[in-house]
Amino acid sequence: MLQDISASIKAYGVSQGSKKTVERERLAATEACASKTYVVWSSGKDEKGAEILCSRVASTSRCFCGHPYSMHAKSMKKNKFHCKKKSCKCPRFDYVPMSPEEIGEYWLPRRRGFDLGSWRAKCKCGHSHEDHTADYARRCRKCKCSQYRSAWACVVCNKHGEAHETSWETELERKQDRKSVGNAFMPLAEM
């Protein structure tokens, strides 16, 4: 797979969105190394028992509620990472993809007039995650959709958003579970 990615990059170059994704991932890894708290969006483990790390979470990463991770309270002891914005009912930070490349829609940014700043991951009802309530119910405010169901799949694992979980681990916990830390946690470290 890594050889295919390398060949594609050589043949077609890296899209702007992909560059931004890698920059965001690098920021997340740098922040994790500095704070010794690793925040990841993953879909469990592969057939060999290794973590399927779909995205590293940075201070600029977007939550389902629409606010960045930096606007969420951080408390490892209580495992509560609720949104600090008073009007927001978000009980816990839940990462949501920030670019079409993260969900395999790599062609969108190349379209004339495409605005990455207004792009949002959609529900099967056709509305964005921000059109749904940020509480655990996640009902749509624009239609009768009873709960957000991703109309997309993760480009890393090919699973829907609901199959993913945002988790927080200390460096020590990751080491004990034989997961990557430090320089090995940097994006593309395995290449």
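FYI, it's all coordinate maths here, none of it is from the lab. Everything numeric in this text was worked out from a predicted model, so none of it was measured. Neighbour counts are summed over all protein chains in view; Cβ atoms, including those assigned to glycine, are modelled from backbone coordinates with ideal geometry.
Here are a few things to note about the model shown:
- Cross-link reach list, lysines versus residue 36, counting only Cα pairs under 19 Å and skipping chain neighbours closer than eight places: 74, 77, 78, 80, 175, 179
- Subtracting the Cα-Cα distance of residue 143 and residue 112 from their residue separation scaled by 0.36 nm leaves 8.2 nm.
- For a straight C-alpha distance cut-off of 16 angstrom, the lysines reachable from residue 142 (same-chain residues fewer than eight places away being disregarded) are 122, 124.
- Taking 0.36 nm per residue of separation and subtracting the Cα-Cα distance, full extension of the segment from residue 59 to residue 153 would add 31.5 nm.
- Region 66-131: relative contact order in percent, alpha carbon pairs under 8 Å with at least 6 residues between: 21 percent
- Per-pair calculated FRET efficiency, R0 = 22 Å: residue 188 and residue 7 via Cβ, rounded to 0.05: 0.90
- Dividing the summed helix terms, -39500 (n - 2.57) for each DSSP H run of n ≥ 4, by the number of residues in the chain produces a 222 nm estimate of -6000 deg cm²/dmol to the nearest 500.
- Applying the Karplus relation 6.51 cos²θ - 1.76 cosθ + 1.60 with θ = phi - 60° to region 38-54 yields 3J(HN,Hα) values of 9, 10, 9, 10, 9, 10, x, 10, 7, 5, 8, x, 8, 4, 8, 8, 8 Hz, where x marks Gly and Pro.
- Other-chain or far-sequence residues with amide H under 5 Å of residue 54's (modelled H): 41, 42, 43
- Residue 72 long-range amide H proximity, modeled H, under 5 Å: 84
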